[in-house]
Amino acid sequence: MSTDRSDHTQLVQELSANVHPSTADTIGATLADYYHADATWHGPAPIDELGSRSAIIDGFWEPLLEAFPDLEKTDYILFGGEYEGEAWVCATGNLVGTFENDWLDIPATGQATWLRYGEFHRFEDGRIVETRTIVDILDVLRQAGFRFVPALAPEVVIPGPTIQDGILLDDQDEDETRQTMELVEGMLFDGLNSYEEQGLENMGMAEYWHEDFMWYGPAGTGSTRGIDGFQHFHQNPFLRAFPDREVGHHDSRIADGHYCASTGWPAVVGTHLGDGWLGLPATGEEVGMRIIDVWRREGEKLAENWVFIDMIDLLDQIGVDVFERLREHPESVRWTGAP
């Protein structure tokens with residue numbers, strides 16, 4: 001089996017397509033075609049770490065397909081690259097299925113449910129040996145009728161790229177790839193990390209972002225449009241809550257053409273020093289945030305950003321145990337705005 005970038009992206013696309021015809025009983029055979037037996041899986045809380053292909057099947061895929069028997073996995077962004085000599089593929093999209101049986105103690109609704117995901121896969125010898133994935137479980141809870149924190153901005157079904165060009169099965173132009181990576185790295189290491197010295201208004205976001213860019217955030221934060229919307233609904237509340245946060249702890253960062261993505265476990269570290277983010281008081285706790293970020297460049301600036309944060313894990317670090325509340329006090333977190 002060949003191991004170049006194009007083959008890797010095609011294998012991930014095939015794996016996604018094979019989720020729909022698979023069942024809880026057959027998903028093991030499906031994954032055996034793509035995963036090494038000793039593969040590791042780093043996922044969202046409360047699942048967390050799984051240490052082999054059989055554990056990935058038992059701990060994630062079988063329960064997921066039992067809960068959503070008609071599950072379909074659709075990538076709307078898919079591309080590959082190398083990071084520190086290792087081959088990676090990034091994908092993001094939606095898992096969509098009918099919520100027929102309980103999952104992770106979340107009561108089934110019998111309704112169509114969207115499970116937004118971001119994922120990185122590392123390949124060796126044509127097989128996946130490591131996966132890092134975030135599923136927006138807090139949003140699944142929202143769709144099931146449970147609210148734990150007030151949303152800062154609208155929570156919507158996140159769309160794919162506006163120009164619908166996110167599936168990159170062939171290598172892209174090297175100069176375009178280099179330009180995208182340099183823009184993202186400048187934004188991460190120069191722009192975002194300048195907050196403590198420069199303050200919010202002087203971080204130079206206009207140097208990196210289109211004026212009307214779209215920022216697609218996780219449940220709790222929601223999605224924003226434009227630099228003003230991004231700063232008002234996300235960046236300002238977040239930086240006030242974690243003023244000493246540091247960006248740039250990456251396990252992988254790849255680019256291909258106009259797309260770039262990064263992940264870190266954690267990618268951001270900081271101290272919860274400010275009141276008000278998600279309606280929560282400051283705790284003084286040091287936290288690490290599991291994150292997957294995907295960007296699309298348009299011309300000289302970034303036009304779209306898909307952001308995945310393991311919110312269940314982050315909330316737990318600052319004293320909000322989502323699943324304990326769900327199990328012990330479900331009525332206290334029910335809300336009437338669920339679809």
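The values are calculated or read from the model by the stated rules, or taken from the named source; none is laboratory data. It should be emphasised that the depicted structure is a prediction, and the values quoted were computed from it without experimental measurement. Backbone-built Cβ (ideal geometry, glycine too); neighbour counts: all protein chains shown. These accessible areas exclude ligands, DNA and RNA; they are computed on the full protein's heavy atoms, side chains included. Shrake-Rupley method; radii C 1.70, N 1.55, O 1.52, S 1.80 Å.
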So R297 fits all but one of (1) within 18 Å of the chain's Cα centre (by Cα); (2) crowded, with 18+ Cβ neighbours inside 10 Å; (3) not hydrophobic (A, V, I, L, M, F, W, C); what number is the exception? (1)
Can you find even one residue in the stretch 309-325 that is open to solvent by less than 10 Å² (accessible area, probe 1.4 Å) and farther than 30 Å from R122 by Cβ? yes
Subset of the stretch 14-48 (residues that are touching a strand residue (DSSP E or B) at 6+ places or on another chain (Cβ under 6 Å) and open to solvent by 60 Å² or more (accessible area, probe 1.4 Å)): H20, H36
Here's a check for you: in the stretch 175-226, which residue that is polar (S, T, N, Q) and in a helix (DSSP H, G or I) is modelled with the lowest pLDDT? S194
Could you grab the pairs with beta carbons closer than 7 Å, sequence gap of 6+ or different chains, first residue in the stretch 270-286 and under 12 Å from D244 (Cβ atoms), second one of a type in the set (D, E, K, R) and in a helix (DSSP H, G or I)? G274/R240
Answer yes or no as to whether V129 is over 16 Å from G220 (Cβ atoms) and either touching a helix residue (DSSP H, G or I) at 6+ places or on another chain (Cβ under 6 Å) or not in a strand (DSSP E or B) (or both). no
Which residue pairs have Cβ atoms under 9 Å apart, sit 6 or more places apart or on different chains, and have a first residue in the stretch 239-255 that is over 12 Å from R132 (Cβ atoms) and a second that is of a type in the set (K, R) and assigned to a loop (DSSP other than H, G, I, E, B)? L239/R245
Complete set of residues in the stretch 287-305 that are among the β-branched types (V, I, T), closer than 20 Å to D48 by Cβ and touching a residue at least 60 places away in the same chain (Cβ under 8 Å): I291, I292
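Mind listing whichever residues of the stretch 98-110 are open to solvent by 60 Å² or more (accessible area, probe 1.4 Å) and within 16 Å of F60 (Cβ to Cβ)?
Going residue by residue through the stretch 98-110, those that are open to solvent by 60 Å² or more (accessible area, probe 1.4 Å) are 100-102, 105.
N101, D102, D105 - these are the residues of the stretch 98-110 that are open to solvent by 60 Å² or more (accessible area, probe 1.4 Å) and within 16 Å of F60 (Cβ to Cβ).
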Within the stretch 146-158, does at least one residue satisfy the condition of being in contact with a Lys or Arg (Cβ under 8 Å, 6 or more places away or on another chain), under 28 Å from D38 (Cα atoms) and of a type outside the set (F, W, Y)? no
The residue from R122, R127, R132, R142 that alone is touching a residue at least 12 places away in the same chain (Cβ under 8 Å), touching a His at 6+ places or on another chain (Cβ under 7 Å) and open to solvent by less than 50 Å² (accessible area, probe 1.4 Å) is R132
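When you check A282 against the structure, is it of a type outside the set (V, I, T), touching a His at 6+ places or on another chain (Cβ under 8 Å) and open to solvent by less than 30 Å² (accessible area, probe 1.4 Å), yes or no?
no
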Quick test of your reading of the structure: T113 fulfils all but one of (1) hydroxyl-bearing (S, T, Y); (2) within 30 Å of M181 (Cα to Cα); (3) surrounded by 17 or more Cβ atoms within 10 Å (Cβ to Cβ). Name the failing condition by number. (2)
What residue, among those in the stretch 75-97 that are over 18 Å from P218 (Cα atoms) and acidic (D, E), is most open to solvent (accessible area, probe 1.4 Å)? E84
Subset of the stretch 256-267, residues within 18 Å of the chain's Cα centre (by Cα), crowded, with 22+ Cβ neighbours inside 10 Å and in contact (Cβ under 8 Å) with a residue 60 or more places away in the chain, comes to Y259, C260, A261, S262, T263
Go through the stretch 1-82 and tell me which helices (runs of 4 or more DSSP H), entirely inside it, have 1 or more residues that are within 22 Å of the chain's Cα centre (by Cα) and either more than 25 Å from T109 (Cα to Cα) or in contact (Cβ under 8 Å) with a residue 60 or more places away in the chain (or both). 5-17, 27-32, 53-56
